[in-house]
């Protein structure tokens, strides 16, 4: 966590901007790339709004690509220790790095059922939830339509990105 201010962010080259801001959106530097020409940003909130606007206007294929860039919660990447640094911290903060064998199996079954129904991973802002709430979230959201879940996943991604930007940028 290296806090920078918005003035510094605004002065970054395209490559530096994408390197620093890109991780706010999991494995999707295209969002930061598209935001760079929109500088200068008046605040961290203005930057977040611009990034979210890019995603909202990107269309369903790019949004689905962004959703699919997210790892399963307590899934194979987590178990193998190959999550991004941001996802590792977020899942650990939700207690997903300290699951019992039974809880790990619950997450596996829920992840599998969700992917089978919707074709993309279950996305929830882990930093705003704990393992119990996430498990309840699976149960609450599985009956939803695919369209509802696409919209919910994008909204959760916006929350995740906002928190990641808070870690990166002082206001």
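A few comments on the model shown:
- Residue list for segment 40-77, restricted to those being surrounded by fewer than 16 Cβ atoms within 10 Å (Cβ to Cβ), assigned to a loop (DSSP other than H, G, I, E, B) and free of Cβ contacts under 8 Å to residues at least 40 places away in the same chain: 40, 42, 57, 59
- Qualifying positions in segment 149-171 - touching a strand residue (DSSP E or B) at 6+ places or on another chain (Cβ under 6 Å) and closer than 19 Å to residue 87 by Cα: 169
- For segment 128-162, a tally of residues being without any contact (Cβ under 8 Å) to a residue 60 or more places away in the chain and within 17 Å of residue 89 (Cα to Cα) returns 6.
- Test for residue 80: is it surrounded by fewer than 17 Cβ atoms within 10 Å (Cβ to Cβ) and either assigned by TED's automatic domain parsing to the domain that holds residue 125 or touching a strand residue (DSSP E or B) at 6+ places or on another chain (Cβ under 7 Å) (or both): yes
- Residue check for residue 101: surrounded by fewer than 17 Cβ atoms within 10 Å (Cβ to Cβ) and either farther than 26 Å from residue 30 by Cα or over 17 Å from the mean Cα position of the chain (by Cα) (or both): yes
- Some residue of segment 133-145 being assigned to a loop (DSSP other than H, G, I, E, B), touching a helix residue (DSSP H, G or I) at 6+ places or on another chain (Cβ under 6 Å) and crowded, with 17+ Cβ neighbours inside 10 Å: no
Quick grid of which residues meet (1) under 30 Å from residue 5 (Cα atoms); (2) modelled with pLDDT of 95 or more:
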position: 48; (1), (2): yes, yes
position: 52; (1), (2): yes, yes
position: 55; (1), (2): yes, yes
position: 64; (1), (2): no, yes
position: 73; (1), (2): no, no
position: 78; (1), (2): no, no
position: 98; (1), (2): no, no
position: 102; (1), (2): no, yes
position: 116; (1), (2): no, yes
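- When every residue of segment 83-93 is checked against the conditions, at least one turns out to be over 25 Å from residue 45 (Cα atoms) and not in a loop (DSSP other than H, G, I, E, B).
- The residues of segment 109-132 that are in a helix (DSSP H, G or I) and under 15 Å from the mean Cα position of the chain (by Cα), listed by number, are 126, 127, 128.
The values are calculated or read from the model by the stated rules, or taken from the named source; none is laboratory data. Quantities reported herein were computed from a predicted structural model and do not represent experimental measurements. With ideal geometry, Cβ positions are generated from the backbone for all residues, glycine too; neighbour counts draw on all protein chains shown.
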